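Reading through the structure tokens given below for one structure.
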Amino acid sequence: MFETLRQSLKTGVVTTSYPQTPPEVSSRARGKPEIDWANWKDARPAAAICPTAAIEFLDQDATRTAALDLGKCIFCGLCAEVDTTIRMTNQCELSTRRRAGLKLSAKYRLNPDGTHERLLDGPPGAGHESVEALGRQLESRIHAVLGHSLHIREVDAGSCNGCEVEIHGLNSPVYDLERFGIHFVASPRHADMLLVTGPVTRNMELALRKTYEATPEPRLVVAVGACGCSGGIFGVNYK
């Protein structure tokens, strides 16, 4: 025990100051794709190679509406390999209040050969609220609705465990999620919110429903990852 205490004192505080400061993300980390919408000449190659249909388009009356759905994107980078106007970033902040907030779209006038002549209407600029501001709003809302800190029951509904690695990291000394008054609990009867990962497989559908019904009201449900939001690489889920 004394050796553990000695090592702890020697190591010191390792908890990050995020979200007060920007996240410390490796430059080699792969985050969301970024499209140069104004110079995007053709959505077809990226849409054809995307394994989850995260990039889609619809042609009508010599115009094309092209969309990037980050709720489907698995950050594989194939779109960036076939289109130089798309690049992979290391941006990891993708949470949103509603599913529609993960979808970006733009409208183009088309050339006769199906390429983009010019951009008619692009996605809104980066005017999103900061994580810190959203965190303050969330904390205020939690106490207004629940009257206490947020208790979460995580449910693996058939995931590959990639999201579980990230969730487990939130409870580590580095991120220390409990400093924000957010706690993970072992039973849905003690939970205010279900954190669902995976595409919800048929074998887990009943278990998830029972877990939801065992959670007292008012209850919240949050989907994590592309699989939880859209089915991801596994296909359509029970969204």
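The values are calculated or read from the model by the stated rules, or taken from the named source; none is laboratory data. All of these numbers come straight from a predicted model, not from anything done at the bench. Please note: Cβ atoms are built from the backbone with ideal geometry, for glycine as well, and neighbour counts cover all protein chains shown. All accessible areas refer to the heavy atoms of the entire protein, side chains included, with ligands and DNA or RNA removed. Shrake-Rupley method; radii C 1.70, N 1.55, O 1.52, S 1.80 Å.
Accessible area ranking (1.4 Å probe, heavy atoms, ligands and nucleic acids excluded), largest first, for 72, 41: 41, 72.
Simple spin-label model, 7 Å along Cα-to-Cβ: residue 139 to residue 16 in nm? Taking the simple label geometry, residue 139 and residue 16 are separated by 1.8 nm.
Taking only Cα atoms, what is the 0 to 90° angle, nearest 10, from helix 2-11's long axis to the longest principal axis of the chain? That helix lies at roughly 40 degrees to the long axis. To the nearest 10, the accessible area of residue 59 is 70 Å² with a 1.4 Å probe.
Largest to smallest in accessible area, the residues 57, 2 fall in the order 2, 57 (1.4 Å probe, all protein chains included). Cα centroid separation, segment 21-91 to segment 99-122: 13 Å. Shape call for segment 159-224 from the C-alpha gyration tensor, a ≥ b ≥ c root eigenvalues: rounded (a/c under 1.5), prolate (a/b greater than b/c) or oblate? It is oblate, given that a/c is not under 1.5 and a/b is not larger than b/c. The portion of the accessible surface of segment 29-182 made up by carbon and sulfur, rounded to a whole percent, is 52 (1.4 Å probe; DNA, RNA and ligands excluded). Using the Cβ-Cβ distance between residue 168 and residue 100 with R0 = 35 Å, the FRET efficiency computed as 1/(1 + (r/R0)^6) comes to roughly 0.75.
Between residue 81 and residue 113, how high is the FRET efficiency from 1/(1 + (r/R0)^6) when r is the Cβ-Cβ distance and R₀ = 22 Å? Nearest 0.05. Step by step, r from the Cβ atoms, then E = 0.45.
With the crude spin-label approximation of a point 7 Å out along Cα→Cβ, what separation in nm comes out for residue 217 versus residue 26? Result for the modelled spin labels: 4.7 nm. Against the chain, whose longest principal axis is taken from its Cα atoms, helix 202-214 shows a tilt of about 50°.
Net charge dipole, segment 21-170: roughly 240 debye, given to the nearest 20, about the Cα centre with Cβ charges of +1 for Lys and Arg and -1 for Asp and Glu. The residues of the chain have, on average, 63 Å² of accessible surface per residue, using a 1.4 Å probe with all protein chains present.
Taking all protein chains together and rolling a 1.4 Å probe, residue 146 ends up with roughly 40 Å² accessible. For residue 7 and residue 149, a Förster radius of 22 Å and the Cβ-Cβ distance give a FRET efficiency of 0.15, rounded to the nearest 0.05.
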